[in-house]
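Notes to accompany the following structure.
Values quoted throughout were computed directly from the atomic coordinates according to the rules given, and no laboratory measurement underlies them. Not measured: the values here are computed from a predicted model. Here the Cβ positions follow ideal geometry from the backbone for every residue, glycine too, while neighbour counts run over all protein chains shown.
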Amino acid sequence: MKSMLKDKVGMIFGVANKRSIAWACADAANANGAKLAFTYQGERLKENVEKLAGELPDSLILPCDVTDQASVDSAFEAVKERYGRLDFLVHSIAFAPKEALEGEFVTTTRDAFRTALEISAFSLTQVALAAAPLMTDGGSIVTMSYYGAEKVVNNYNVMGVAKAALEASVRYLAADLGKQNIRVNAISAGPLNTLSARGVKNMGSLLGYVGEKSPLRRNVTAQEVGNTSLFLVSDLSSGITGETIYVDCGYNIMGI
Ligand code: 1JT
């Protein structure tokens, strides 16, 4: 079990700090022998990522802003230069302006819509296109979604629309890249107390509600999401592509 990802090279997008889902994915992959390249968004997060990822053997830390194609291209160029190949990629990136995650969806501005969809959904297609030529021995791409993609969750608003686009993108990318033995899947994680969630109004009560109503009567941990991403990037999941797998303590199965 320890070397499930031995000799594999992975790229991790979306580490902000040690509570990040992306970091939990990296932690699980590192513990299983993977070599990892990390991208960070903006100078603000550089130090955090360097502190966390700099300790890992043979790691690489790169700036990457998905709204800038040249920045994405140079991150992949650097991975090609260092490792010559890529086996898996974890995409754990999302953004919407704070005002868009409050009040009613109907008031979403053109700008907020465009930003949320570009950063949270289009970026998956963008990195998949850049990753595919490096995945010469097949590969696995994993992204993060949320229940608000499927059902209305108050305040999630335009992020729900972006996650719906993301989950559909997973299916279309899986169909395109399957012939290169590249798999593409999403994890639909239950709510977690990460940096992104911190800015969200009433996050505490959402966590409490989900923790009470889910079959397991608790919230999911980042480690549990990380372990599922380990499964999805490993050969154990070789027959799974285009799927959205819930890691939510069973919350999504409940009716009344
Ligand atoms: C973003 C944020 C994406 C928070 C997110 C997210 N995906 C899940 N969450 C947590 C969440 C947020 C809300 C919610 C339920 C869960 C914040 C920054 C932008 C990207 O609504 C009840 C709003």
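Yes/no matrix, rows are residues, columns are (1) touching a strand residue (DSSP E or B) at 6+ places or on another chain (Cβ under 6 Å); (2) aliphatic (A, V, I, L, M):
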{"residue": "Leu5", "(1), (2)": "no, yes"}
{"residue": "Met11", "(1), (2)": "yes, yes"}
{"residue": "Arg19", "(1), (2)": "no, no"}
{"residue": "Cys25", "(1), (2)": "yes, no"}
{"residue": "Ala31", "(1), (2)": "no, yes"}
{"residue": "Lys46", "(1), (2)": "yes, no"}
{"residue": "Lys51", "(1), (2)": "no, no"}
{"residue": "Ser59", "(1), (2)": "yes, no"}
{"residue": "Cys64", "(1), (2)": "yes, no"}
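Test Ala222 against the stated conditions and say whether it is under 16 Å from the mean Cα position of the chain (by Cα) and either within 12 Å of the ligand (Cβ to nearest atom) or farther than 24 Å from Asp27 by Cβ (or both).
The answer is no for Ala222.
Please determine whether any residue of region 111-131 is within 19 Å of the chain's Cα centre (by Cα), among the acidic types (Asp, Glu) and exposed (fewer than 14 other Cβ atoms within 10 Å of the Cβ).
No, that holds for no residue.
Name the pairs: first residue in region 120-134 and farther than 18 Å from Ala96 by Cα, second residue aromatic (Phe, Trp, Tyr) and not in a helix (DSSP H, G or I), Cβ to Cβ under 7 Å, at least 6 apart or on different chains?
Final answer for the pair search is Val127/Phe13.
From Ala100, Ala197, grab the single residue that is within 13 Å of the ligand (Cβ to nearest atom) and crowded, with 18+ Cβ neighbours inside 10 Å.
Ala100
Looking at region 163-194, which of the residues that are surrounded by fewer than 20 Cβ atoms within 10 Å (Cβ to Cβ) and basic (Lys, Arg) is nearest to the ligand (Cβ to nearest atom)?
It comes out as Arg171.
Kindly state which helices (runs of 4 or more DSSP H) lie completely within region 1-108 and contain at least 3 residues that are under 29 Å from Asn157 (Cβ atoms) and either touching a Leu at 6+ places or on another chain (Cβ under 8 Å) or in contact (Cβ under 8 Å) with a residue 40 or more places away in the chain (or both).
Here the list reads 21-31.
Hey, could you check region 148-159 for residues that are more than 8 Å from the ligand (Cβ to nearest atom) and closer than 24 Å to Gly226 by Cβ and say which is nearest to the chain's Cα centre (by Cα)?
Only one residue tops the list, namely Ala149.
Go through (1) in contact with a Leu (Cβ under 8 Å, 6 or more places away or on another chain); (2) crowded, with 19+ Cβ neighbours inside 10 Å one by one and return the number of the condition Tyr251 breaks.
Here Tyr251 clears every test but (1).
Test Ser205 against the stated conditions and say whether it is loosely packed, with under 15 Cβ neighbours inside 10 Å, among the polar types (S, T, N, Q) and near the ligand (Cβ under 10 Å from one of its atoms).
Judged against the criteria, Ser205 is a match.
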